[in-house]
Amino acid sequence: MAIDNETNPVLGFDLGTTFSALARWVDRKGPQIIQNRAGQDITQSVVYYNPENDEILVGHIAYTKGLMIPENMIVGVKRLMDDGNQKVMLGGKEFTPITLSSLILEKIYEDAKMKYPTGTFSSRGSVVTVPCYFKAHQMDNTRKAAEMTDINCIGIIQEPIAASLSYALQICEDHFDKEFSQKILVFDLGGGTFDLTLFQLKHTSDTIFFEVLASSGDDRLGGMDFDRCLADVILEKSGVSLDGIEPKLFNKAQKNLLEQSTLAKIALSASNDYYVAVPFILPDKHIEVSISREEFEKSIKDYFDKISKIIDSLWASSKLNPSDIDRVIRVGGSSHIPCIKNLLDDILGAEKTWSNINPSTSIAEGAAMYAAYLDNTDFFDKKIVIRTRTCHALGLKTSGNRFKELIPANRQAPCTAKQVFTTAKDNVKKLDIGVYQGSGKKISKKTHSLIGKIPINNLAPKRAGEVDIEVMFSIDMAQRLSITVEVEGQKKSAVVNYT
Ligand SMILES: Nc1ncnc2c1ncn2[C@@H]1O[C@H](COP(=O)(O)OP(=O)(O)OP(=O)(O)O)[C@@H](O)[C@H]1O
Ligand SMILES: [Mg+2]
């Protein structure tokens, strides 16, 4: 059965921190980007609310308007998905990160619909991407955002897996009947997140098999941070200070400065110098300075070192060496930055980088491919099997707000862990077992997230330490965590879907 249907296609949405993209699957041609109504492959993930006419704008127009009235605009909603229901005020109206994300998805979907007669285009099934480093609740919030729209979400896929699906499709087509195995490193440095994923790709006559060997990253590291570093250099060099400026003027100046910093940063990936001008940054001040690539790269040194450390930590956790890697897939707009490229080339060798891929669109393309597969699993004449690993440790909250790890980060699924706990006080009548995901010995909002609670009631009075609480965690191939708690003959189970 052909999957492709001109007006009823399967779609892949890359919901990025700064830019989003949409691709569809076209039979015999593979994934194809659907451009937005301005004819661009990618759309700015920016929302603007105009209280005067109750209008919501998304994309470049939202960004342009927001430069004039910054309090009506939001950039980087994805970074707020940690708490999907928090209040975000735009132009005096309340939004949540979930609704804002749904507006971005809806907008790129609307742009696709516009290319066809009204009412004829609809998604047969969509896949939305999330960073590998997202925790369970962040993925869940993304799913909720997708479900608020009519894109017909049939799945969520992690961004590096989507990028490597695009790659696998290309090389497996060329070697359809050949059996081979490769170790692939996906380096994704986007606008807001850094994801590093090491895969084993095994290709046989009937299966494309992905096994995540290790992954690492930082969900607070990307182009948005580099923009801020460069903005500081521009201010310092121009001698203009924004200290003590009243908030309205400050916000406007800051947004204008950041816009010019982004342009300068992008230009500095191609040239050694860039002339930055920000006319009327303040009513009586202009900025005019020349910035060199060296100055920019120096300004992001701390982030560069962080990236370098994260790469090092991957070798330690995977017990592999750079020489074991067969192929590097560089994705994300920020991977264009020359010092970042050089870092990868120095560590892994420039010849390993796969160049037949567009870093800005490959994730949406891979998501469209996965949507085609989910829609009809016989379509590729091959099974696609994805075996992942835990990105964050999973464990319980114990007394003193401590985190007791049961399954560490980077453990391959499926896996199980069992441990017996006891009570810290006499005569405990009920327990509320909190299951957390995160890292660090003490549970805090910053480092851990609650992914489930299991209540146990009606315990017979006993002394502290006399109650056996047997806890079993088990992760299946689909990354579902089953938790079983057994206390004094009472057995309770829960299943947490954390991808
Ligand atoms: N040539 C370039 N040189 C440097 N930076 C670039 C270049 N092109 C794009 N960028 C930056 O890349 C970022 C956007 O990349 P991308 O679209 O991959 O991110 P995203 O998908 O929005 O973010 P994330 O994947 O982190 O959610 C922006 O910060 C942009 O300024
Ligand atoms: Mg991205």
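General remarks:
- Helical runs (DSSP H, four residues minimum) scored at -39500 (n - 2.57) apiece and divided by the length of the chain put the mean residue ellipticity at 222 nm at -9000 deg cm²/dmol.
- Net charge dipole, the chain: roughly 1660 debye, given to the nearest 20, about the Cα centre with Cβ charges of +1 for Lys and Arg and -1 for Asp and Glu.
- Listed residues Q254, S269, L230: farthest to the positive end of the dipole of the stretch 223-299 (Cβ charges): Q254
- With N as its number of residues, the stretch 6-118 has a Cα radius of gyration that, divided by 2.2 N^0.38 Å, comes to 1.12.
- Counting Lys and Arg as +1 and Asp and Glu as -1 over every other residue whose Cβ lies under 15 Å from the Cβ of H175, the net charge comes to -3.
- Cross-link pairs exceeding 20 Å in C-alpha to C-alpha distance, out of K93/K248; K429/K492; K135/K352; K87/K113; K78/K237; K144/K255, comprise K135/K352; K87/K113; K78/K237; K144/K255.
- Per residue, the convex hull spanned by the Cα atoms of the stretch 361-405 amounts to 122 cubic angstrom.
- Counting Lys and Arg as +1 and Asp and Glu as -1 over every other residue whose Cβ lies under 9 Å from the Cβ of E486, the net charge comes to -1.
- For the chain, the share of accessible area belonging to carbon and sulfur comes to 48 percent (1.4 Å probe, ligands and nucleic acids excluded).
- Residue pairs exceeding 29 angstrom between C-alpha atoms, taken from K319/K453; K29/K178; K183/K453; K202/K397; K265/K306: K319/K453; K183/K453; K202/K397.
- Rg/Rh ratio calculated on Cα atoms of the chain (Kirkwood radius): 1.00
- Net charge over other residues, Cβ less than 13 angstrom from the Cβ of R402 (K, R count +1; D, E count -1): +3
- For the stretch 96-111 and the stretch 410-425, distance of Cα centres in Å: 39
- Remark: spin-label model distance K491-T447 equals 3.5 nm, labels positioned 7 Å along the Cα→Cβ axis.
The values are calculated or read from the model by the stated rules, or taken from the named source; none is laboratory data. Bear in mind that the values here come from a model prediction, so they are computed numbers and not experimental data. Ideal geometry is used to build each Cβ from the backbone, glycine not excepted, and the neighbour counts take in all protein chains shown. Quick note on the areas: whole protein, heavy atoms, side chains included, nothing else; ligands and nucleic acids left out. Shrake-Rupley method; radii C 1.70, N 1.55, O 1.52, S 1.80 Å.
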